[in-house]
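Written below as structure tokens is the structure these notes are about.
We did not get these values from a lab; they are worked out from the coordinates using the rules stated. From a predicted model like this one, the values you see are computed outputs, not experimental measurements. Don't worry about glycine lacking a Cβ; one is built from the backbone with ideal geometry, like all the others, and counts go over all protein chains shown.
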Amino acid sequence: MLDWDSKPVAGQNVTVKFVERQWLSVQKQDEQGQLSWVTSVKEIPIAQNSLTTDQDGKAEVSFIPPEGGDYKAL
């Protein structure tokens, strides 16, 4: 983690959240009767880790997905 002057911030508490991303697609009909696909994404919370940055402003976290899929760290 860096401050506004790009200097490392030690001892900073950080929370990392992991979500599974599920893509949902449906066909919708417009006023002229044309069908088109509308896609949205649903983010499902899976795990959360709290950690603290070291003297170099760095922290490391790991995550093993419970099953295959699309995951994102927030």
Within region 36-66, can you find the residues that are part of a strand (DSSP E or B) and touching a residue at least 40 places away in the same chain (Cβ under 8 Å)?
-> Thr52
For region 58-69 the number of residues that are surrounded by 10 or more Cβ atoms within 10 Å (Cβ to Cβ), in contact with a Leu (Cβ under 9 Å, 6 or more places away or on another chain) and of a type outside the set (A, V, I, L, M) is 0
Mind listing just one residue for me: the one in region 1-37 that is of a type in the set (Asp, Glu) and loosely packed, with under 10 Cβ neighbours inside 10 Å and, of those, farthest from the chain's Cα centre (by Cα)?
-> Glu31
Looking only at region 18-35, and only at residues there that are without any contact (Cβ under 8 Å) to a residue 12 or more places away in the chain and charged (D, E, K, R), the one that is farthest from Lys72 (Cα to Cα) | Glu31
Matching residues, region 6-35, being assigned to a strand (DSSP E or B) and over 29 Å from Asp70 (Cβ atoms) | Pro8
What is the number of the single condition among (1) in contact with a Pro (Cβ under 8 Å, 6 or more places away or on another chain); (2) surrounded by 10 or more Cβ atoms within 10 Å (Cβ to Cβ) that Gln55 does not meet?
-> (2)
Can you confirm whether region 26-48 contains a residue that is under 27 Å from Asp3 (Cα atoms) and of a type in the set (Ser, Thr, Tyr)?
-> no
